[in-house]
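The values are calculated or read from the model by the stated rules, or taken from the named source; none is laboratory data. On a predicted model such as this, the values are computed, not experimentally measured, just so you know. Cβ atoms come from the backbone with ideal geometry, glycine included; neighbour counts cover every protein chain shown. The accessibility values were calculated without ligands, DNA or RNA, using every heavy atom of the protein model including side chains. Shrake-Rupley method; radii C 1.70, N 1.55, O 1.52, S 1.80 Å.
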Amino acid sequence: MTGQPLTLRGWATPLTIGSFFLMAGTGTVMFFKFDNGIMALVHRLFSWVFMLGALNHLAANIRPLSNHLKSLIGKLSVATFVTILLASFFSWGQVTSPKLIKPIETALVETPLGTLAQVSRTPPKVLVARFRDAGVVARPEQSIRVIAAVNHTSENRLLGMIFLSSKPDRESKF
């Protein structure tokens with residue numbers, strides 16, 4: 001540090017650059033479906049950091065920005081991306097993952113453990129034993145929601161114990 005005061009441009013520009021690389025990297029990896037771990041969570045959370053940096057970077061560079069927006073290419077660029085943003089609010093007849101996730105998760109947590117055993121191709125006794133070994137008391141007729149509430153644990157933890165623990169290529173921590 002040179003002892004100079006930190007200016008808006010001095011912190012906003014590096015924050016924008018660093019978070020851009022994080023967003024581009026995580027977005028690219030997720031696009032190609034290599035996103036194991038908490039990549040999607042990191043991408044979503046740090047998008048706020050990127051926005052904070054970008055908005056302050058724009059504020060620090062408002063004069064050059066307004067000059068760019070006076071040009072035809074600047075106007076077309078903003079209009080194009082605003083149009084894409086608005087269009088992205090509609091599914092256009094596509095069945096998308098966000099549309100499916102909530103009803104699937106709801107169905108899974110409300111389904112009895114015995115039925116989930118069939119879906120996961122695991123005998124109910126094995127799942128009950130797996131839960132017991134992890135300190136979770138469960139019966140095959142109980143739903144994941146009930147089991148989670150009674151045992152003061154998360155529904156995702158229990159679903160992970162059902163669907164992830166039998167896959168040797170993934171490490172699942174309970």
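At-a-glance table
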read-out: Solvent accessible area, Å² - ILE17, 1.4 Å probe, full protein context; value: 90 Å²
read-out: Among PRO112, PRO103, PRO140: highest mean-square fluctuation, GNM of the chain, C-alpha pairs under 10 Å; value: PRO103
read-out: Kyte-Doolittle at least -0.5, axis length at least 18 Å by Cα - qualifying DSSP helices, the chain; value: 8-31, 39-60, 72-87, 97-110
read-out: Kirkwood hydrodynamic radius of segment 77-174, Cα pairs, Å; value: 15.5 Å
read-out: Close Lys-Lys pairs in segment 29-170, where close means Cα under 26 Å and separation is 8 or more or interchain; value: 5
read-out: Residues listed by number, segment 55-70, amide nitrogen under 19 Å from ALA79 label point at 7 Å toward C-beta; value: 66-70
read-out: Most positive-pole-ward Cα, ILE38, VAL136, ASN67, against dipole of the chain from beta carbon charges; value: ASN67
read-out: Computed magnitude of the charge dipole of the chain (debye, nearest 20; Cβ of K, R +1, Cβ of D, E -1); value: 160 debye
read-out: For segment 1-64, radius of gyration divided by Kirkwood radius, i.e. Rg to Rh on alpha-carbons; value: 1.11
read-out: Fraction in percent of alpha-carbon pairs per bin - 5 Å, the chain; value: 1, 7, 10, 12, 13, 11, 10, 9, 8, 6, 6, 4, 2, 1
read-out: LYS125-THR96 FRET efficiency (beta carbon distance; Förster radius 45 Å; 0.05 resolution); value: 0.75
read-out: Mean separation of Cα contacts under 8 Å, 6 or more apart, over the residue count of the chain: relative contact order %; value: 15 percent
read-out: Exposure rank, largest accessible area first [SER71, SER88; 1.4 Å]; value: SER88, SER71
read-out: Segment 1-67, relative contact order [Cα under 8 Å, separation at least 6], %; value: 48 percent
